[in-house]
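Comments concern the structure below.
The values are calculated or read from the model by the stated rules, or taken from the named source; none is laboratory data. Everything numeric here is computed off the predicted structure, so don't read it as measured data. We place every Cβ from the backbone using ideal geometry, glycine too, and count neighbours over all the protein chains shown. Areas reflect the complete protein model, heavy atoms only, side chains present, ligands, DNA and RNA absent. Shrake-Rupley method; radii C 1.70, N 1.55, O 1.52, S 1.80 Å.
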Amino acid sequence: MSATTAIRGGERLTDAAAPGPRTLWDRRATRVIGGLILPLLILALWQAVTVSGLIPPYRLPPPATVLDAAVQLAQSGDLWIHVAISLQRVLLGFAIGSVVGLAVAAIVGLTRAGDILLSPSLAAVRAIPSLALVPLLLLWMGIGEDSKVTLIAIGAFFPVFTTVSAALRQVDPHAVEMARSFSLGGFDLFRAVQLPAVVPSIMSGLRLGLAQSWLFLVAAELLAAAMGLGFLLTDSQSTGRVDRILLAIVLLALLGTLTNALLSLAQKLLLRRWM
């Protein structure tokens, strides 16, 4: 029997337990329909308060007006440029921040020296508000893409680092000792024991980092951008276009939901492979 099989043997006991019968709440159609109920209710309430005149249109335009704004921007091509640029910034910053976060988490979570040397400084940097970093990044990197992507990468870094480093420190020490008794060490120990144990935490950290990336995108584009959804927010505010402000907010929500759904799909595939 191999070392990896012996180490994971206890974890595979759950395979013998057959899953219970699926209920109505476990069905995918139920989840999809249930998830649409609240947005539809909000949309109906939005339409009702605008049509009834309870809220004046210059404060809250009806949904049809927001849709018209989307059609106008789409026909001119500006909408797709705003979406593409913001999406590119988020994905690039998220990728950079996640890779660095995973690497630093491994150093802090697997070594005592890394924990002692890095954890206090990283905790201090994490306490700095994101908007406080914007002026410094603009002075160092200018108003180009580098400063925006760097800010987004910082936003993605800390959720990934915090979640994964904590999970690595909580890996079962008995499993580690058993692996070492089979002469496993270094990368083999990490691959056989520690990595499978923290895969759920890695995916949770990545999802938190992705959500944080969208938040930091808005912070970056609100202050220094000529294109993007954050720029659309500030430009619409200066021109009094409440319909475009609402459109930008809706698009940010939709893009965040879509990217999170793709990451959730990747999470299911990875958990099926490792767990």
Q. Across the stretch 38-60, what is the number of residues that are open to solvent by less than 90 Å² (accessible area, probe 1.4 Å) and either basic (Lys, Arg) or under 30 Å from the mean Cα position of the chain (by Cα) (or both)?
A. 5
Q. Checking Val99 against (1) surrounded by 15 or more Cβ atoms within 10 Å (Cβ to Cβ); (2) modelled with pLDDT of 85 or more, which single condition isn't satisfied?
A. (1)
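For the stretch 206-215, what are the residues that are open to solvent by less than 50 Å² (accessible area, probe 1.4 Å) and either among the polar types (S, T, N, Q) or modelled with pLDDT under 90 (or both)?
Within the stretch 206-215, just Ser213 meets the criteria.
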Q. When the stretch 61-96 is examined, which residues are found to be of a type in the set (A, V, I, L, M), in contact with a helix residue (DSSP H, G or I) (Cβ under 6 Å, 6 or more places away or on another chain) and either assigned to a loop (DSSP other than H, G, I, E, B) or open to solvent by less than 60 Å² (accessible area, probe 1.4 Å) (or both)?
A. Val66, Ala69, Ala70, Leu73, Leu79, Val90
Q. Leu131: under 19 Å from Phe157 (Cβ atoms), of a type in the set (A, V, I, L, M, F, W, C) and out of contact with any strand residue (DSSP E or B) (no Cβ under 6 Å at 6 or more places or on another chain), yes or no?
A. yes
Q: Could you figure out which of (1) crowded, with 17+ Cβ neighbours inside 10 Å; (2) outside any helix (DSSP H, G or I) isn't true of Glu221?
A: (2)
Q: Starting from the stretch 198-220, keep only residues that are closer than 12 Å to Ser98 by Cα and touching a residue at least 60 places away in the same chain (Cβ under 8 Å), then list their pairs with residues that are open to solvent by less than 30 Å² (accessible area, probe 1.4 Å) and of a type in the set (Ser, Thr, Tyr) whose Cβ atoms are within a distance under 7 Å, requiring at least 6 positions of separation or different chains.
A: Leu206/Ser98; Gly209/Ser98; Leu210/Thr259
Q: Those residues that are of a type in the set (Val, Ile, Thr), open to solvent by 60 Å² or more (accessible area, probe 1.4 Å) and within 18 Å of Gly205 (Cβ to Cβ), I need them from the stretch 103-155; list them, please.
A: Ile107, Val125
